[in-house]
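Note sheet for the following structure.
The values are calculated or read from the model by the stated rules, or taken from the named source; none is laboratory data. All values reported here derive from a predicted model rather than from experimental measurement. All Cβ positions, even for glycine, are placed from backbone atoms using ideal geometry, and neighbour counts span all protein chains on display.
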Amino acid sequence: MSKEMSTADAISMKKKSQFGDFVRRFKKNKGGIVGLLIIVMFLICALFPAQLVGEDYYSQDLSNRYCHPNAEHIFGTDELGRDVLTRMVWGARTSLEISLSAVAVSCILGTIVGCIAGFYGGVTDNILMRIMDVLMAIPSTLLGISIVAAFGSSIYVLIFAMGISSIAGFSRICRSSVITIRDQEYIEAARATGASDFRIITKYVLPNALAPIIVQISMSIAASILSISGLSFIGLGVPAPTPEWGSMLSNGRQVIRDHAYIVIFPGVAIMLAVFAFNLLGDGLRDALDPRLKS
Amino acid sequence: MLKFIGRRILMLIPVMLGVVLVVFSMMYFSPGNAEDYILGDMATAEDKEAFRVENGLDKPFWIQYFNYVRKALKGDLGISYNTKKPVTEEILTRFPTTFKLAFFSVVVSSILGLTTGIISAVKQYSLWDNICRFIAMIGVSMPTFWLGLMLMLLFSVKLGWLPAAGFKTWKHWIMPALTLGLHSASSIMRMTRSNMLEAIRQDYIRTARAKGQKESVVIWRHALKNAAIPIVTVVGMQFGRMLGGSSITEMVFAIPGLGKLLIDSINLKNAPQVQGGVLFLALTMSVANLIVDILYAFIDPRIRSQYVKVKKAKAAPAAAAKEA
């Protein structure tokens with residue numbers, strides 16, 4: 001990144017690193033940059049909520065219930081007199097914490113499955129992909145709901161439920177790119193030098209299969225933010241005192257007629273977060289796709 | 001062709017067995033017993049034991065699983081714990097509602113997605129294209145339940161045009177169909193746009209224009225027909241997705257469909273109902289995808305010819321390659 005990209009550098013093709021090239025291409029994508037900025041904003045909210053809005057997201061103030069947005073409470077207060085803005089900022093932490101860990105779980109497991117299936121092929125591939133088919137066949141909302149309903153709602157169960165439902169996507173994407181790589185000459189060369197399968201996969205196959213996986217990570221984070229809020233909305237998400245966008249929305253649902261702001265603001269937060277990760281994913285796809293290189 | 005269809009149907013069997021196994025073991029190993037939920041706190045230990053024996057819950061896991069599969073093959077998915085009616089009957093009375101919802105949503109989303117997608121592709125990088133793409137991006141980013149609530153707020157509370165809940169007249173269906181359909185409309189729009197863009201750049205389009213063909217015919221007949229195949233796949237897949245993912249929309253609009261039944265049953269720990277419902281939905285989704293695959297082969301003469309001309313020796317690897 002530190003490398004200066006002058007025109008002279010651009011002309012001498014050899015000096016360009018792949019990463020520098022990627023950064024240059026990503027910078028051109030306005031949508032991707034906007035997405036990245038929104039994500040940074042949410043990350044700041046998630047990392048420093050106490051510094052931004054104070055620690056008090058739980059104490060009730062029953063004399064101040066259903067305050068409509070005003071100077072003191074910019075986004076108003078909810079049914080227990082808690083400040084909506086404060087809870088939204090803390091909610092960013094909950095949402096990002098769960099969705100990032102869930103995607104980490106599914107990305108790691110899915111990539112392992114996809115690499116093994118794609119690299120070895122044959123019976124291994126067939127068995128692994130049929131297991132993934134099973135996971136794909138169950139509607140992901142229902143899979144999530146039944147896991148949470150079966151094991152109780154805690155943050156760990158949510159991470160597990162979200163993780164399980166997106167493993168199949170990762171493994172398929174990883175598998176299809178591994179298949180195109182495994183017959184390349186450099187893999188044959190690596191094998192000729194006596195490299196073990198593990199070394200070939202981790203050192204030569206995976207780095208070359210990374211681009212679609214990175215895009216999928218961004219898209220999956222978006223999808224899991226949506227699913228978490230959906231689960232919380234039907235009362236199966238994060239347990240009560242923890243602020244979460246979906247459950248804030250669900251609480252406001254009964255009073256939507258008179259206090260619509262309680263429903264509107266957390267919804268906008270969810271939408272913005274998902275929107276940002278989708279934009280980032282699109283931008284990454286464009287920047288990483290070698291076919292779009294000019 | 002028949003061989004391809006037969007193979008695909010055979011492939012469904014292990015997947016369905018796996019689906020049953022996943023749902024079955026989840027219900028089996030989860031804490032809390034069915035008899036406590038069904039019989040209540042007042043039941044004696046003997047009553048509970050009798051209930052377990054009656055429902056075969058005292059048997060080991062694998063025996064229960066195989067019993068379930070054996071009965072399921074005959075269409076018997078057990079008795080719902082709380083209504084005491086056969087699960088199959090419960091599912092079949094609720095399913096038409098869900099099917100109707102999914103159908104309306106697919107119609108709405110196809111119309112929206114196709115028109116905006118085609119316009120976007122024809123006028124690439126115009127203001128209109130940017131607006132459409134932006135809206136599509138928002139569409140995939142909005143949580144369904146929130147969209148439903150916002151529509152309700154606007155059309156039922158503020159404007160009073162549409163009823164907020166229920167499912168009797170066509171007016172009741174507008175908001176749920178939009179809610180469930182907007183997400184799909186966005187995916188269909190993006191798919192239509194990218195495929196149309198690809199088709200428009202082909203040589204045969206240049207030929208059609210060069211011979212003086214009207215632009216509308218070029219777009220609708222030459223370009224759209226060639227771009228249609230992936231679009232049909234997406235529409236079909238979205239239909240399957242809607243059948244399985246309609247539960248939250250049904251909850252928001254209080255529509256008594258299969259999705260709502262399932263969520264209610266999960267909360268009541270009504271295991272036979274949950275297993276039966278998830279199995280049924282997984283099956284309908286897979287069948288929907290299967291039909292899309294077959295349609296795919298029928299629409300595209302290039303794929304169709306593969307299965308007509310090529311005999312046994314080549315058909316098998318071709319089918320295998322397709323699955324892969």
Meets criteria (in the same structural domain as B:P256 (by TED's automatic domain parsing), modelled with pLDDT of 75 or more and not in a loop (DSSP other than H, G, I, E, B)) for B:P14:
no
Tally, over region B:215-264, of residues that are of a type in the set (S, T, Y) and free of Cβ contacts under 8 Å to residues at least 12 places away in the same chain:
1
Where residues in region A:233-249 are within 8 Å of chain B (Cβ to nearest Cβ) and under 18 Å from A:F75 (Cα atoms), which of them is surrounded by the most Cβ atoms within 10 Å (Cβ to Cβ)?
A:G246
Please give the number of the condition A:D125 fails out of (1) away from chain B (no Cβ under 14 Å); (2) surrounded by fewer than 23 Cβ atoms within 10 Å (Cβ to Cβ); (3) in contact (Cβ under 8 Å) with a residue 40 or more places away in the chain; (4) part of a helix (DSSP H, G or I).
(1)
Region B:134-154 residues that are assigned by TED's automatic domain parsing to the domain that holds B:R193, paired with ones that are of a type in the set (F, W, Y) and part of a helix (DSSP H, G or I) (beta carbon under 7 Å, 6 or more apart)
B:M137/A:F275; B:I138/A:F275; B:S141/A:F275; B:F145/A:F233; B:G148/B:F253
How about region B:9-19: which of its residues are surrounded by 18 or more Cβ atoms within 10 Å (Cβ to Cβ) and more than 18 Å from the chain's Cα centre (by Cα)?
B:G18
Among what's in region B:263-276 and is under 20 Å from B:D76 (Cα atoms) and more than 8 Å from chain A (Cβ to nearest Cβ), pick the residue that is surrounded by the fewest Cβ atoms within 10 Å (Cβ to Cβ).
B:P272
Does region B:115-124 contain any residue that is touching a Gly at 6+ places or on another chain (Cβ under 8 Å) and in contact (Cβ under 8 Å) with a residue 24 or more places away in the chain?
no
Report, by residue number, each residue of region A:88-118 that is within 14 Å of another protein chain (Cβ to nearest Cβ) and more than 25 Å from A:G230 (Cβ to Cβ).
A:G114, A:A117, A:G118
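Let's see how each residue does on (1) over 19 Å from the mean Cα position of the chain (by Cα); (2) more than 14 Å from every other protein chain (Cβ to nearest Cβ); (3) assigned to a loop (DSSP other than H, G, I, E, B):
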| site | (1), (2), (3) |
| --- | --- |
| B:I91 | no, no, no |
| B:F104 | no, yes, no |
| B:I111 | no, yes, no |
| B:N130 | yes, no, no |
| B:I138 | yes, no, no |
| B:A164 | yes, no, yes |
| B:K168 | yes, yes, yes |
| B:A177 | no, yes, no |
Within region B:73-86, how many residues are among the aliphatic types (A, V, I, L, M) and in contact with a Phe, Trp or Tyr (Cβ under 9 Å, 6 or more places away or on another chain)?
1
Residue hits (region A:26-82; β-branched (V, I, T), surrounded by fewer than 16 Cβ atoms within 10 Å (Cβ to Cβ) and part of a helix (DSSP H, G or I)) are A:I33, A:V34, A:V40, A:I44
Can you find a residue that is touching a Leu at 6+ places or on another chain (Cβ under 6 Å) and either of a type in the set (F, W, Y) or surrounded by fewer than 22 Cβ atoms within 10 Å (Cβ to Cβ) (or both) anywhere in region A:180-196?
no
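Each row is one residue, and each column tells you yes or no for (1) in contact with a strand residue (DSSP E or B) (Cβ under 9 Å, 6 or more places away or on another chain); (2) in a helix (DSSP H, G or I); (3) β-branched (V, I, T); (4) under 16 Å from B:L12 (Cβ atoms).
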residue	(1), (2), (3), (4)
A:V134	no, yes, yes, yes
A:G144	no, yes, no, no
A:A150	no, yes, no, no
A:Y156	no, yes, no, no
A:F160	no, yes, no, no
A:I167	no, yes, yes, no
Checking the condition part of a loop (DSSP other than H, G, I, E, B) and either at pLDDT below 85 or of a type outside the set (D, E) (or both), which residue from B:I263, B:I219, B:I255 passes?
B:I255
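Condition check ((1) surrounded by fewer than 14 Cβ atoms within 10 Å (Cβ to Cβ); (2) in a helix (DSSP H, G or I); (3) at pLDDT 90 or above) across all residues:
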{"site": "B:L57", "(1), (2), (3)": "no, no, no"}
{"site": "B:N67", "(1), (2), (3)": "yes, yes, no"}
{"site": "B:L77", "(1), (2), (3)": "no, no, no"}
{"site": "B:G117", "(1), (2), (3)": "no, yes, yes"}
Looking at A:I225, is it at the interface with chain B (Cβ under 10 Å from one of its Cβ atoms), β-branched (V, I, T), touching a residue at least 40 places away in the same chain (Cβ under 8 Å) and not in a loop (DSSP other than H, G, I, E, B)?
yes
B:A177 fails exactly one of (1) at pLDDT below 85; (2) buried (at least 17 other Cβ atoms within 10 Å of the Cβ), namely (1)
Please specify each residue of region A:145-161 satisfying the condition of being within 12 Å of another protein chain (Cβ to nearest Cβ) and either over 13 Å from B:N267 (Cα atoms) or free of Cβ contacts under 8 Å to residues at least 40 places away in the same chain (or both).
A:S146, A:I147, A:A150, A:F151, A:G152, A:V157, A:F160, A:A161
Expected output for region A:22-48 (first residue more than 23 Å from A:L210 (Cα to Cα), partner among the basic types (K, R) and surrounded by 17 or more Cβ atoms within 10 Å (Cβ to Cβ), Cβ below 6 Å, 6+ apart or cross-chain) is A:A46/A:R93
Does B:L147 qualify as being crowded, with 21+ Cβ neighbours inside 10 Å, more than 14 Å from chain A (Cβ to nearest Cβ) and either under 24 Å from the mean Cα position of the chain (by Cα) or among the hydrophobic types (A, V, I, L, M, F, W, C) (or both)?
no
Being under 22 Å from the mean Cα position of the chain (by Cα) and either in contact (Cβ under 8 Å) with a residue 60 or more places away in the chain or in a helix (DSSP H, G or I) (or both): is that true of A:G114 here?
yes
